[in-house]
Structure formats: C-alpha cells, structure tokens
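In what follows, a structure is listed as structure tokens, so that the remarks can point back to it.
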Amino acid sequence: MLRTIGRFSNLLPVLLIGGLLLGVGPSVGLAQGTKRVIIVQRFNPFFPYYVYPYPYAPYYVAANYGEVKIDMHHQTAEVYIDGGYAATITKPKKFALRPGNHEISLRSPDGETFYHQRVAVTVGETTKLRVS
C-alpha cells in the first residue's frame, strides 16, 4: 500500500506537467491564427515612458510603428480603425499603428459614417488625414 502511494506521488507531478505542456501547445497555435491585435497608442516623446500602459519605452513605438494624424475642425467624431473603436476626438489627434494597410472610419455621435479611408502606414512616417 505504501509502495503504491509512493509511486503515485512520484508519477503525479510528471503527469500534471505533461498535461499542462500538451494543453498549452495547440491553443497557442490556434490563437495566433484566429485573433488580430491592433495596438493604438498616442505617442508623445516628452511624456515619461513609465506612465504608458505598455511596458516599453516610447522610442520603441517610434522605431517600430507609424502614425496617423487626423485633423478635425469643429466636429466630434468616433474613430474606428479596422472596424474596432479607437477613440472619440474633437481636435487633431495622432494614433500609433503597426505598419501596413488600415481602414479608418469616422462616425458621428449618431453612428452615421461620414468619412472612410484606406491608409497605408509606414514605419517612422506620419500620414495626415484632413477631414472638413
């Protein structure tokens, strides 16, 4: 009886660790193919990096992301980037985005889309959108 309990106590940690490793492997592979994460962050080089919600400094953002600046005049609009809500703006605002093509939509507070543009973002460049 004691010998069986001893063998079981030696085998239990091996089974638990093996089960955890087998359980994590396939789910990580599926998550990479099905989810798309877009990081939208306002970049200000004079703001201390430790206040940002991300664990990397602003120079990392400047080196690996491009910016889109939206100039709005006397309007309130909700910004949607690639179909996801980004912010509500009333004045010019910059958004840091990963390089590539992005769809930017501006909607009125009523939900009506009044501006839709497909924008190519490049690293270290600022793309300006003027909306009147």
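The numbers here are math on the coordinates, done by the rules we state, and not lab data. These numbers were taken from a predicted model, which means no experiment stands behind them. Cβ sites come from the backbone with ideal geometry, for glycine too, and all protein chains shown count toward neighbours.
Sorting 71-77, 91-97, 12-18 by their mean Cβ neighbour count within 10 Å, with the most densely packed peptide first, gives 91-97, 71-77, 12-18. Summing +1 for each Lys or Arg and -1 for each Asp or Glu among the other residues whose beta-carbon sits under 10 angstrom from that of HIS73 gives +1.
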